[in-house]
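Colleague: This is the structure, below, for whatever I ask next.
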Amino acid sequence: MNIFVTGATGFIGSNFLEEALKKGFNVTALKNKIDSKTAIKLSDQPKWLVSSLKDLEVSYLKGIDIVVHFASAGVSPKEENLEDLFKTNVVDSFELIKKANNAGCKRIIVSGSAFEYGYSADLFDNIPFNAPLIPLNNYGISKAAGFYKLFSFSLNHSIELYYSRIFSVYGHGQHHNNFWPSLYHAATTNKNFKMTSGNQIRDFISIEKVIKQLINACLREDIYSFSPLVENIGSGNGISLRNFAEIEWKRLSAKGRILFGEIENRENEIQRLVALIDKNNRNSFNLERKIISNLGFKFL
């Protein structure tokens, strides 16, 4: 199986590469610069292609069975302006799926974000995949807009789209300024850890479990042309940041203290963001299409 991976040096992309290579997939991976390093050390190397996403040519995708698209602007804790977010997460991502289709690629797997749901988090204890997308920050807006374009395109073209909305993934290779790596560093260096009150409820899922589902998406037989499959990737269980931190602190045998309330909560922060894991979500496919139509998007 020939797989093409974008965003291959990032947190999720690097971990995906490692597992895909172990599975024996023939992997071509995209990176922007020749000296770009992966977020984790790989036990083997894919075939590297040095190019920006926008400069990717159709010829590079000839003979590829599956495109796995992780490349994204504005992933936490990095910030981008709205123009750059839309260029990468909407325009360049849409061009990618068109190029993959023109190259005869059978399947495209796209990494989305739970932050696309935004204010819908207030409507559900556990958010279904077809909840309205009402993002409250520029990153979420750009990812949601990109999703609608990819979804619409795949409804009318012979390509199998698998779109995953990933919840609070954590693990090795994640940017050091994110919550879990910061916690891990403090715990393993016997330092105190400053955080907010920790009342926010999140759906934490390890990178290993996320990668397992994404690898499985390469092999699944229930993803069809003209019928995109959208799924949440999470545990389905909510836990407060406070409780999660305390559990990890104990697991890591940390010597320092967690200092709750030392950091102020962000304004307009989602208080609960937990996935509904629905094994039969194809039964709700028509609702997803209705939501898109009601929001004014046309099926092109």
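The values are calculated or read from the model by the stated rules, or taken from the named source; none is laboratory data. Since we're looking at a predicted model, the values are computed, not measured. Backbone-built Cβ (ideal geometry, glycine too); neighbour counts: all protein chains shown. Accessible surface areas use protein heavy atoms only, side chains included; no ligands, DNA or RNA. Shrake-Rupley method; radii C 1.70, N 1.55, O 1.52, S 1.80 Å.
Colleague: Do you know which residues across the range 129-145 are within 17 Å of Asn232 (Cβ to Cβ) and either in contact with a strand residue (DSSP E or B) (Cβ under 8 Å, 6 or more places away or on another chain) or surrounded by 19 or more Cβ atoms within 10 Å (Cβ to Cβ) (or both)?
Modeller: Phe129, Asn130, Ala131, Leu133, Ile134, Pro135, Gly140, Lys143, Ala144
Colleague: Right, next: Exactly one of these conditions fails for Phe124: (1) open to solvent by 60 Å² or more (accessible area, probe 1.4 Å); (2) part of a helix (DSSP H, G or I). Give me its number.
Modeller: (2)
Colleague: Could you check the range 241-279 and list, in sequence order, the residues that are surrounded by fewer than 19 Cβ atoms within 10 Å (Cβ to Cβ) and either under 21 Å from the mean Cα position of the chain (by Cα) or on the phi > 0 side of the Ramachandran plot (or both)?
Modeller: Within the range 241-279, Ser253, Gly261, Asn268, Glu269, Gln271, Arg272, Leu276, Ile277, Asp278, Lys279 qualify.
Colleague: List the residue pairs whose Cβ atoms are under 9 Å apart, where the first residue sits in the range 7-28 and is under 20 Å from Pro77 (Cβ atoms) and free of Cβ contacts under 8 Å to residues at least 40 places away in the same chain, the second is open to solvent by 30 Å² or more (accessible area, probe 1.4 Å) and not charged (D, E, K, R), and the two are 6 or more positions apart or on different chains.
Modeller: Every condition considered, the pairs that remain are Thr9/Asn32; Thr9/Ser36; Thr9/Thr38; Thr9/Ala39.
Colleague: Write out, first by first residue and then by second, each pair whose Cβ atoms fall under 9 Å of each other, whose residues are 6+ apart or on separate chains, and whose first residue, in the range 99-117, is on the phi > 0 side of the Ramachandran plot while the second is outside any helix (DSSP H, G or I) and surrounded by fewer than 17 Cβ atoms within 10 Å (Cβ to Cβ).
Modeller: What qualifies is Gly104/Lys62; Gly104/Gly63.
Colleague: Among the residues of the range 61-117, how many are over 17 Å from the mean Cα position of the chain (by Cα) and under 22 Å from Ala131 (Cα atoms)?
Modeller: Final tally of qualifying residues: 0.
Conditions tested, residue by residue: (1) open to solvent by less than 50 Å² (accessible area, probe 1.4 Å); (2) under 22 Å from Cys105 (Cβ atoms).
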position	(1), (2)
His175	no, no
Ser182	yes, no
Met195	yes, no
Ser206	yes, no
Val210	yes, no
Asn216	no, yes
Ser225	yes, yes
Leu229	yes, yes
Gly234	yes, no
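Colleague: Consider the range 91-122. How many of its residues are hydrophobic (A, V, I, L, M, F, W, C), in contact with a strand residue (DSSP E or B) (Cβ under 6 Å, 6 or more places away or on another chain) and over 19 Å from Asn2 (Cβ atoms)?
Modeller: Looking only at that region, the number is 2.
Colleague: Is it the case that Gly118 is open to solvent by less than 10 Å² (accessible area, probe 1.4 Å) and more than 22 Å from Glu95 (Cβ to Cβ)? Spell out the reasoning first.
Modeller: Numbers: open to solvent by less than 10 Å² (accessible area, probe 1.4 Å): yes; more than 22 Å from Glu95 (Cβ to Cβ): yes.
Against the criterion (open to solvent by less than 10 Å² (accessible area, probe 1.4 Å) and more than 22 Å from Glu95 (Cβ to Cβ)), Gly118 qualifies.
Colleague: For Ala121, all conditions in the list (1) out of contact with any Asp or Glu (no Cβ under 9 Å at 6 or more places or on another chain); (2) closer than 20 Å to Leu30 by Cβ hold save one; what is the number of the exception?
Modeller: Against the list (1) out of contact with any Asp or Glu (no Cβ under 9 Å at 6 or more places or on another chain); (2) closer than 20 Å to Leu30 by Cβ, Ala121 comes up short only on (2).
Colleague: Could you name every one of the strands (runs of 3 or more DSSP E) located completely within the range 1-109 that has at least 1 residues being open to solvent by 70 Å² or more (accessible area, probe 1.4 Å)?
Modeller: On the way: elements: 2-6, 26-31, 47-50, 66-69.
So the answer is 26-31, 47-50.
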